[in-house]
Amino acid sequence: MINKVAIIMGSENDLSVMQHAAEALKAFEVAFEMTIVSAHRTPERMRTYAMEAKSRGIKVIIAGAGGAAHLPGMVAAYTTLPVIGVPVKSSNSIDGWDSVLSILQMPGGVPVATVALNGAKNAGILAAQILATQDEELSKKLEVYKKKMADDVMNAADAMQPKSVKIA
């Protein structure tokens, strides 16, 4: 099976957040690979990984990083594939804002889709939605998922409604 999504992160410390992207992709039966690619500590690996991803069958890259969070933007500079950035609140972070702004504020011409701080689950879902534009079976799985979310909300709302109230 060809890996369709790459999940990369700047360090092993990001795995507790980035595993949520993997779980989302597994739920939709989307093939993926996951590895560590540091923009600062292994820049040549990052460049090679980004430049070769398309030829390996990758369709979307999810890149998580904390602190200065250069990984998503630098990967986007080396590929034409869609890149989804996940800002990670790390131990050296300024409450996560440094990561959010580093990924969010990309220069014109080098787009990175950015999800919420520690929002790897949404990154996985967004990657599946991108793939579903060319995959009807995956599109149907996403429709079922969205319907279940709506049903869950309606069931919770119904459970909160009073059954009957007697007014004396």
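For the reader, a short list of remarks on this structure follows.
- Looking only at segment 31-51, residues that are outside any helix (DSSP H, G or I), under 11 Å from ILE8 (Cα atoms) and of a type outside the set (Phe, Trp, Tyr) come to 7 in all.
- As a summary of the residue check, ILE167 satisfies the conditions (1) under 20 Å from VAL60 (Cβ atoms); (2) at pLDDT below 95 except for the one numbered (1).
- Output for segment 52-97, where each listed residue is in a helix (DSSP H, G or I), touching a residue at least 40 places away in the same chain (Cβ under 8 Å) and out of contact with any strand residue (DSSP E or B) (no Cβ under 7 Å at 6 or more places or on another chain): ARG56
- Restricted to segment 12-47, and to residues there that are of a type in the set (S, T, N, Q) and without any contact (Cβ under 8 Å) to a residue 60 or more places away in the chain, the residue that is farthest from LEU126 (Cα to Cα) is THR42.
Yes/no per residue for (1) closer than 21 Å to SER11 by Cα; (2) in contact (Cβ under 8 Å) with a residue 60 or more places away in the chain; (3) basic (Lys, Arg); (4) in contact with a Ser or Thr (Cβ under 6 Å, 6 or more places away or on another chain):
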residue	(1), (2), (3), (4)
LEU104	yes, no, no, yes
GLN129	no, no, no, no
GLN134	no, no, no, no
LYS141	no, yes, yes, no
TYR145	no, yes, no, no
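- The set of residues in segment 1-30 being surrounded by 15 or more Cβ atoms within 10 Å (Cβ to Cβ) and assigned to a loop (DSSP other than H, G, I, E, B) consists of ASN3, LYS4, GLY10, SER11, PHE28, VAL30.
- Within segment 24-51, the set of residues being among the small types (Gly, Ala, Ser) and touching a strand residue (DSSP E or B) at 6+ places or on another chain (Cβ under 8 Å) comprises ALA31, ALA39, ALA50.
- Selection status of ILE94, surrounded by fewer than 19 Cβ atoms within 10 Å (Cβ to Cβ) and more than 14 Å from the chain's Cα centre (by Cα): yes
- Single unsatisfied condition, VAL100 versus (1) outside any loop (DSSP other than H, G, I, E, B); (2) free of Cβ contacts under 8 Å to residues at least 40 places away in the same chain; (3) over 17 Å from ALA116 (Cβ atoms); (4) not polar (S, T, N, Q): (3)
- Among residues of segment 5-22, those that are of a type in the set (D, E, K, R) and in contact with a Gly (Cβ under 7 Å, 6 or more places away or on another chain), counted: 1
The values are calculated or read from the model by the stated rules, or taken from the named source; none is laboratory data. Given the structure is predicted, the values throughout are model-derived calculations rather than measurements. With ideal geometry, Cβ positions are generated from the backbone for all residues, glycine too; neighbour counts draw on all protein chains shown.
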